[in-house]
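Data first, discussion second: the structure below is written as structure tokens.
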Amino acid sequence: MKAKISALMDGELDAHELNEPLSALGKDAEAFETWRTYHLISDALQGRALLANDCLRRVVARLADEPILIGPLPADVARPERGRWFVPSALAASIAAVALVGWMAIAPQQNSSPMLAPVAKAPQPAQVALRAAPQAPVRLPMTAATRDYLIAHQALSPRNSLQGMAPFVRSVSAESHPGKP
Amino acid sequence: MTRTLGALLLLTVAGWAQAQTTPEALDWLRKIYRATEKLSYTGTFVYQQGDRTETSRITRLAGAGGGAEKLEVLDGTPREILRTRDEIRCYLPESRTVKVDRRSDPRAFPALLPEQVDGLAEYYEVTMGEMRRIAGFMCQAIVLTPKDDLRYGYRLWADARSGMLLKAQTFDRDGQTMEQFSFTHLEIGNVSRERLRPPRAEGWHVEQAGVAPADLSRSGWSVSAELPGFRKIVEIRRMLRDAQPVAQMVYSDGLAAVSVFIEPMPGGAEAARIGISSMGAVNVYTREVANHLVTVVGEAPAASVQRIGNTVEYRPQ
């Protein structure tokens, strides 16, 4: 498990490999201690300022007080590193220990469960409340049926005045008709 | 402190001054418009979106009544689209289908008219960019930077002599390119009518759009165009696929357009897919309202497409 946690921290795991170490962090005190220790080592090596010893406990206590709203995934999931989920990881390392568990649980879920991104259970007293924002839309692939709408839409777009027919290529693009390249 | 504030202020003012719409840039948009309307040309362009590229040939014959234009996709199956003054025909060989969108009144195809170009300055900062050589043509860049998050921005490169658009990029609020059209080869001038001949399609299935004007508010439907700058430009009834009547309303700020389609909920559980999908700069949002399927398609950020879709309401009268 230690090797997996190390790989997780280094961002070396593939999406399907993430579940095991992440759920271990939520359940297994030893795994979580390893996670903390590794972060401490990494902070020390890179000369980052260390936070007070009970910082994590206080952050967890504050989290217990205020429910976290997990909103819909950002629209541009293709570039997760620019998404709003980047913000927690920019926090100081110890605070991030809690936030990162949540963030990393969200990141690989973009395709499998877009409606509500689950958060790995935070350690001990923190009760992380989940609430889906209303009307959080599911992300769907483009289908052959979508092509009909694209053609109908493109025919009525004023952009044609500047660019002629070129934008029509979207409506007959191979991607809007997957499976039949 | 004062100095920092002063420097910040200076930076803000400088940035603001730099982004002001200039009459010269608006003139360039009109020049591009005239070139699109007046020139005959044939050329090859590449459409790029994400890590996908697709090469197509475009041929245009200018002439009285709007001329004629043909788009041929050169990669994969040879899909073709032919446009004349009052008709768009889409040839899809894999399904052996011709989709025909015919208008009795050609004015039913909305256009950005030269006199409307000034109106774009209300929602975009239209500025001059740098000169760059593209496909052998010395081009002038014109940049349309949106003033809010409701629409995308555009970078256009037009031939300095003719005004012909050689390259177009759509970019999001971070300046990231969402998609790009770029000519790799272009010949302006004589185009023989032969090149605009429709492909062979004997025995193919023909789908007629059967477009007719419509007034949806009369049947209880309302879409409140609360999105600043987007106003309704067309409202029609048409067929989509086979014999499936659909209402279509188009909202536009003059350049970006969003279509709202409303149709009876199709049968079958798998037919109704509620959510959002996207390709390049186009977002498609689907939801259900009063047992009808609402599909919103637009070259606008997902949030805008969704906002328009979420205002669709049905109040039986």
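Values in this text are rule-based calculations from the coordinates and carry no lab data. In this text the structure is predicted, and so the values were computed from the model without any measurement. Please note: Cβ atoms are built from the backbone with ideal geometry, for glycine as well, and neighbour counts cover all protein chains shown.
Our note on the geometry: Cα centres of the range B:275-305 and the range B:115-163, 27 Å apart. Rounded to the nearest 20 debye, the dipole size of chain B about its Cα centre is 580 debye, using +1 on the Cβ of Lys and Arg and -1 on the Cβ of Asp and Glu.
The label-point distance for residue B:95 and residue B:122, in a model that sets each label 7 Å from Cα toward Cβ, rounds to 3.8 nm. Each of A:42, B:259 was scored by other Cβ atoms within 10 Å of its Cβ. Arranged with the fewest first, they read A:42, B:259. Residues B:295, B:145, A:34 in ascending order of nearby Cβ atoms (within 10 Å, fewest first): B:145, A:34, B:295. Hey, with R₀ at 45 Å, roughly what FRET efficiency would residue A:65 and residue B:51 work out to, going by the Cβ-Cβ distance, to 0.05? Using R0 = 45 Å, I get an efficiency of 0.50. Here each label is just a point 7 Å from Cα along the line to Cβ, and for residue B:64 and residue B:24 those points are 4.0 nm apart.
Helical content of chain B, expressed as a calculated mean residue ellipticity at 222 nm, amounts to -4500 deg cm²/dmol (DSSP H runs of 4 or more residues, -39,500 (n - 2.57) each, divided by residue number, nearest 500). For chain B, a Gaussian network of Cα nodes joined below 10 Å ranks B:34, B:83, B:52 by mean-square fluctuation, and the top entry is B:52. Taking the Cα centre of the range B:148-280 as reference, the dipole from Cβ charges on Lys and Arg (+1) and Asp and Glu (-1) amounts to some 400 debye. Name the residue farthest towards the positive end of the dipole of the range B:90-222 from the options B:213, B:171, B:137, assuming +1 on Cβ of Lys and Arg, -1 on Cβ of Asp and Glu, about the Cα centre. Among B:213, B:171, B:137, the one farthest towards the positive end of the dipole of the range B:90-222 is B:137. Placing dummy labels 7 Å off each Cα toward the beta-carbon, the span from residue A:58 to residue B:131 is 6.2 nm. Considering chain B as a Gaussian network with a 10 Å cut-off on Cα pairs, which listed residue, B:158, B:214, B:290, attains the greatest mean-square fluctuation? Highest fluctuation among the options: B:290.
Available extension along the chain between residue B:38 and residue B:317 is 95.6 nm, counting 0.36 nm per residue and deducting the alpha carbon span. For the residues of B:120-130, the average number of beta carbons from a partner chain within 10 Å of their own beta carbon is 0. Counting Cα-Cα pairs of chain B in 10 Å increments starting at 0 gives whole-percent bin shares of 5, 21, 32, 26, 11, 3, 1, 0. As a calculated quantity, the FRET efficiency between residue B:161 and residue B:241 at R0 = 41 Å, using C-beta atoms, amounts to about 0.40. Think of the range B:18-196 as a dipole: +1 on every Lys or Arg Cβ, -1 on every Asp or Glu Cβ, centred on the Cα centre; then among B:33, B:82, B:184, B:82 lies furthest on the positive end.
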